[in-house]
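Here the structure is laid out as structure tokens; the discussion comes afterwards.
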Amino acid sequence: MKKKFVAMTLVTAMGLSLVACGGGGDTNTGGSAAGGDTSSGSSSGGSASGTGTAITIFNSKSEIQDQFVQMAEEYSAKTGVDVEVYYSSDTVAAHLATRYSANDPYTLSMVDAKDVYSLGAEHAIDLSDQEWVGNTNYAISVDGKVLGFPVCIEARGLMYNADAIEKITGATFNPDDYATLDAFKGLLDQLVAGGMEKPTGIMKEDWSMGAHFLAETYEEQPDVEAFVQSLYGGSADLANNAKWNAKMDFFDTMMQYNYAGDSPVAAEREVSEQKLAEGEIAFMFGGNWDWAMINAYDFSENMGMMPVPQNTDDGANTKLVGGGSKYFIIDSSENTSAEQQQAAKDFLNWLVMDAEGNAFLTEKCNLVPAYSNIDAAALDPLSTSVKKYADGGNLIGNYDYLPDDHYSVCGASFQKYLAGQVDRAGLAGEIESYWSSTTPVEH
Amino acid sequence: MKTNTMSYKCRQFFMFAGVTTVVFAAVVIAPFLYGLYLTFTSWDGVSKEKPFVGLANYVSTFGDAAYWQALGRTFLYSAIAVILVNVVAFILAFLVTSGVKGQNFFRAGFFIPNLIGGIVLGYIWKFVFNRAFVALGNALSIGFLSTSWLATTGGAMLCLIIVSVWQYAGYMMLIYVAGFMSVSGDVLEAAQIDGCTNMQTLVHISVPLMASSFVQCLFLTVTRCFMVYDVNLSLTKGEPFNSSVMAAMHVYNQAFTYKNYGTGQAEALILFIVCAVVGVLQVYVGKKAEVSA
């Protein structure tokens with residue numbers, strides 16, 4: 001009898017711990033378990049309600065998946081086109097590869113700019129004749145054909161928490177006053193003196209430092225293409241490049257005031273974002289997509305993005321870096337029928353030309369519209385900043401032809417710099433040797 | 001009924017092993033051969049054409065310093081982890097078969113970590129290393145705990161090994177427990193009567209009789225350590241500065257993130273060969289050591 005009881009208790013305990021682990025798994029990894037597709041449909045619509053055309057949409061922005069699913073239901077109910085939305089946290093190209101090899105591509109795929117260049121010619125249909133093309137500066141063309149439909153504008157810059165700053169300085173924070181690094185340092189010292197011991201944070205992720213921060217060093221060159229070619233050719237001299245040094249001076253300043261200065265490589269993004277949202281730190285380099293994390297915390301409304309402060313007179317310290325982000329392509333293979341392609345085109349048109357579509361993009365998904373006819377008044381604070389700079393023509397464009405392993409290899413070098421394992425000259429050397437040993441990306 | 005004809009043998013075979021053979025061929029053999037074919041192409045993973053490039057992928061594999069570093073790192077990690085996992089598992093098995101009070105409870109307890117998936121486990125331990133240990137270190141002013149181990153190159157490897165030991169020790173313990181139980185009581189009793197101490201019984205009677213447990217455990221741990229990916233991904237993600245990227249993670253990155261599908265596939269093939277050779281060699285040597293009572 002006693003044995004039985006013990007056995008039952010053990011089973012219960014193990015069962016409970018499994019349940020607990022399962023729960024933890026869900027919240028921790030979300031869709032990121034291997035292969036993690038989550039499909040969610042609007043299956044109810046279907047042939048009963050109309051034309052019987054069914055299209056599939058691949059969404060690669062996790063933060064708007066719920067909105068997409070809801071929109072798909074409403075769109076299906078209204079138009080009779082059955083829309084199914086899928087999401088995967090895999091690398092976009094890797095995920096699409098599995099669908100292509102299964103001969104089951106999505107009708108509409110949301111991809112990154114570089115994927116449009118690498119996949120477009122083979123897999124996407126020509127959208128040049130679409131009405132929305134005239135309303136945007138961000139569409140991607142390959143060989144003279146418009147293939148990529150820009151979903152939104154995203155930009156990189158310095159995120160700030162104005163409430164935290166104003167609480168110490170007592171004056172309204174105007175980011176334009178801190179365009180130069182000298183002025184910015186003055187402000188940081190003022191914050192330190194006022195009691196905020198460590199006013200900055202640094203994301204140590206390789207994509208943040210490699211693909212976002214380091215890339216700005218190329219993107220802000222007077223002739224980006226020529227500069228990148230000189231990197232490939234080995235003739236670029238980073239150590240004596242004015243832009244490189246201006247950027248690195250800024251990075252050094254961020255490192256100097258970094259809240260995680262003791263162990264910067266251990267800083268977790270969640271913690272840094274929380275500190276910024278709640279005003280424990282005032283500045284961090286990032287982009288408007290960071291709002292998806294910041295809004296999980298007790299954030300202050302009075303936040304925004306400003307250009308990276310630099311001692312330079314090339315005007316880069318008055319601009320954010322960014323442009324179109326995430327592009328829809330429509331599958332061109334024989335697996336997608338002409339009706340499906342037309343339904344997909346109609347959907348894209350609905351997004352841009354219909355008030356409901358506009359509201360979906362800007363209000364539900366909180367995206368900065370890439371189209372001149374769409375107004376967006378109620379964006380989140382970071383996106384509001386991005387829209388302000390975009391509307392004023394103050395965006396420096398993305399460079400879309402970085403090699404695929406650039407962010408990982410150069411991001412790792414940058415992490416070494418952050419950890420104090422190489423100096424600036426060493427970092428420049430590692431980046432130069434990466435480029436000169438890499439096969440140029442054709443475009 | 002004739003039982004030695006070819007058709008009878010075939011029927012017998014397909015009746016018992018047919019389904020398994022078909023499934024095995026479909027999900028293991030076929031993809032393997034297809035993968036082999038892909039190593040001779042410069043496919044990027046998505047395009048329709050798979051241009052034939054001969055041995056170019058193998059050439060670039062041999063020129064890929066990061067891959068060989070990752071492989072060397074995997075060897076080091078596997079060597080340490082395999083030894084620690086088995087030592088810990090053996091000691092645990094010894095303790096929970098020695099008749100301590102509540103040994104069934106301990107068996108279940110030590111086994112539970114193995115029921116948690118590697119991804120979740122990685123996140124749990126990341127929290128422990130990054131926050132719990134650091135908070136503890138700061139509160140008690142213990143120097144080596146006050147910064148996260150995951151931020152240093154050696155520390156990240158150490159963390160990976162600790163987590164692997166924690167994950168696999170319980171599982172291997174079960175196999176060793178089965179080994180201990182399989183040693184029959186009369187042999188042990190005979191040893192006692194002949195005047196063996198407990199230690200001598202363990203070393204000279206139990207261990208040789210449970211050699212097959214060692215072979216199984218070593219094989220399982222060696223292959224699992226060589227193929228480690230999930231814990232690697234969620235615990236360190238290769239950081240800091242790609243110094244904890246194991247072979248499997250490098251292969252994944254090469255194929256899917258850097259879009260060199262052919263090269264990644266060639267590297268995976270080499271990883272497979274290394275694993276197979278180590279595994280088979282180890283089983284072969286281990287089998288020779290087995291004795292029967």
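All of the numbers you see were taken from the coordinates with simple rules; none came from a lab. All values derive from a computational prediction rather than experimental measurement. A quick note on method: Cβ atoms are made from the backbone with ideal geometry, for glycine too, and the neighbour counts reach across all protein chains shown.
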**Request:** DSSP loop (so not H, G, I, E, B), at most 14 other Cβ within 10 Å: list which chymotrypsin sites (Phe, Trp or Tyr not before Pro) in the stretch B:186-264 pass both filters.
**Result:** none
**Alpha carbon convex hull of chain B, projected area averaged over orientations, nm²** = 23.2
**Fill in**
Here the equivalent ellipsoid of the stretch A:299-443, derived from its Cα gyration tensor, has semi-axes (largest first, whole Å) of 36, 25, 13
**Asked** What average count of beta carbons from other chains do you get within 10 Å of the Cβ of residues in B:137-149?
**Response** 1
**Request:** Please list the equivalent ellipsoid semi-axes of the protein assembly as shown, computed as the square roots of five times the alpha-carbon gyration tensor eigenvalues, in descending order and whole angstrom.
**Result:** 50, 35, 27
**Prompt:** Under a 5 Å amide H to amide H cut-off, with H placed in plane at 1.01 Å, what residues pair with A:Ala124 once short-range neighbours are removed?
**Reply:** A:Ser332
**Asked** Are there any helices in chain B, counted as whole DSSP H runs, that stretch 18 Å or more along their axis by Cα and score at least -0.5 on average by Kyte-Doolittle, and if so which?
**Response** B:6-24, B:65-96, B:153-182, B:211-226, B:261-289
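Among the listed pairs A:Lys247/B:Lys237; B:Lys9/B:Lys287; A:Lys114/A:Lys364; A:Lys145/B:Lys237; A:Lys319/B:Lys50, which are separated by more than 32 Å between their Cα atoms? Before the final figure, lay out the partial values.
On the way: A:Lys247/B:Lys237 27 Å; B:Lys9/B:Lys287 30 Å; A:Lys114/A:Lys364 26 Å; A:Lys145/B:Lys237 39 Å; A:Lys319/B:Lys50 43 Å.
Check vs 32 Å cut-off fails for A:Lys145/B:Lys237; A:Lys319/B:Lys50.
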**Asked** In what sequence do B:Ser234, A:Ser89 fall when counting other Cβ within 10 Å, fewest first?
**Response** A:Ser89, B:Ser234
**Fill in**
In units of 2.2 N^0.38 Å, the Cα radius of gyration of the stretch B:1-112 is 1.87
**Request:** Could you tell me which GluC sites (Glu not before Pro) in the stretch A:289-390 are loop residues by DSSP with no more than 14 other beta carbons within 10 angstrom of their beta carbon?
**Result:** A:Glu301, A:Glu334
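If you take each beta carbon of peptide A:261-267 and count the beta carbons of other chains within 10 angstrom, what is the mean? Please list the in-between numbers first.
Working: counts 0, 5, 9, 2, 10, 13, 3.
Average neighbour count from other chains, rounded to a whole number: 6.
Distances over 26 Å make up what percent of all Cα-Cα pairs in the stretch A:251-374? The partial results should precede the final answer.
Values: 3470 of 7626 pairs.
The proportion of pairs with Cα distances above 26 Å equals 46 percent.
Can you tell me what the convex hull of the Cα atoms of the stretch A:363-443 projects to on average, as an area in nm²? It would help to have the intermediate numbers written out before the result.
Working: hull surface 33.6 nm².
The orientation-averaged projected area of the Cα hull of the stretch A:363-443 comes to 8.4 nm².
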**Prompt:** If you plug each phi of the stretch A:121-130 into the Karplus form 6.51 cos²θ - 1.76 cosθ + 1.60 with θ = phi - 60°, what whole-Hz ³J(HN,Hα) values come out, in order, with x for Gly and Pro?
**Reply:** 4, 8, 10, 10, 8, 6, 10, 4, 8, 7
**Prompt:** Per the Kirkwood formula on distinct C-alpha pairs, the Rh of the stretch A:119-252 is how many angstrom?
**Reply:** 18.8
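Run through the DSSP bridge list for the protein assembly as shown and note the antiparallel percent, rounded to the nearest 5. Mind showing how you got there, number by number?
Working: 30 of 43 bridges.
Rounded to the nearest five, the antiparallel share is 70 percent.
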**Fewest-first sequence of A:Met71, B:Met172 by Cβ atoms within 10 Å of each Cβ** = A:Met71, B:Met172
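Report the FRET efficiency, 1/(1 + (r/R0)^6), for A:Trp207 and B:Cys196, where r is their Cβ-Cβ distance and R0 is 41 Å, rounded to 0.05.
Working: r = 62 Å, r/R0 = 1.51.
It comes to 0.10.
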**Asked** B:Lys288 versus B:Thr3, label points 7 Å from Cα toward the beta carbon: distance in nm?
**Response** 3.7
**Prompt:** What ranking do A:Ile153, B:Ile161, B:Ile29 get, fewest neighbouring Cβ atoms within 10 angstrom at the top?
**Reply:** B:Ile29, B:Ile161, A:Ile153
**Request:** Putting +1 on Lys and Arg Cβ atoms and -1 on Asp and Glu Cβ atoms, find which of B:Ser164, B:Ser206, B:Ala255 reaches farthest to the positive end of the dipole of the stretch B:137-290.
**Result:** B:Ala255
**Prompt:** Which whole number gives the average, over all residues in B:229-239, of C-beta atoms from other chains lying within 10 Å of the residue C-beta?
**Reply:** 2
**the stretch B:106-246: equivalent-ellipsoid semi-axes (sqrt of 5 x gyration tensor eigenvalues, Cα, Å)** = 38, 18, 13
